[in-house]
1. What distance in nm separates the simple spin-label points at residue 72 and residue 8, each placed 7 Å from Cα in the Cβ direction?
2. Of [x] 33; [y] 59; [z] 39, which one was derived for percent of Cα pairs over 25 Å apart from the structure shown?
3. Stretch residue 81-residue 26 to full length: gain in nm at 0.36 nm per residue minus the Cα-Cα span?
4. Looking only at Cα atoms, what is the convex hull volume of the range 45-85 per residue, in Å³?
5. In degrees from 0 to 90, rounded to the nearest 10, what is the angle of the helix 72-85 Cα long axis to the longest principal axis of the chain?
6. What order do you get for 106, 24, 99 when you list them from fewest to most C-beta neighbours inside 10 Å?
7. Run lengths n ≥ 4 of DSSP H only: what is the helix-derived mean residue ellipticity at 222 nm for the chain, with -39500 (n - 2.57) per run over all residues, to the nearest 500?
8. Rounding to the nearest 10 and keeping the result within 0 to 90°, find how far the Cα-based axis of helix 45-56 lies from the longest principal axis of the chain.
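Computed from the coordinates by the stated procedures, all read-outs in this text should not be read as laboratory data. Predicted model, so just to flag it, every value in this text is computed and none were measured. No Cβ is skipped: glycine too gets one built from the backbone with ideal geometry, and neighbour counts run over all protein chains shown.
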């Protein structure tokens, strides 16, 4: 059995599955089903090999340097390329989620002032 393509082989466009079949039940279901791309589908073969080495080395860049024979800056650059190819921006830290209930509980308990509670709830905890 061939793997399900995630893109049209002619145009590269979206594929919509219109029929699925269950051999155990001998049932065919027709409709329009979206094909989800695997998380690493957009990576090149070279990037996939890098990710495999990255995982094999438990994310330790110094071990990757040794295995791949590349410098630390080159390893970082390749990692950033993979991150970008997956649709993220390297080095961007996610904004911490404010636990609103905890802020309100701290305010009620008198642990923080009203002003501090407002700052935390508005996302400026400084």
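1. 4.8 nm
2. [y]
3. So the chain would gain 15.3 nm between residue 81 and residue 26.
4. With only Cα atoms used, the range 45-85 gives 56 Å³ per residue.
5. Compared with the principal axis, the helix lies near 70 degrees.
6. The fewest-first ordering by Cβ neighbours comes to 24, 99, 106.
7. -12000 deg cm²/dmol
8. 50 degrees
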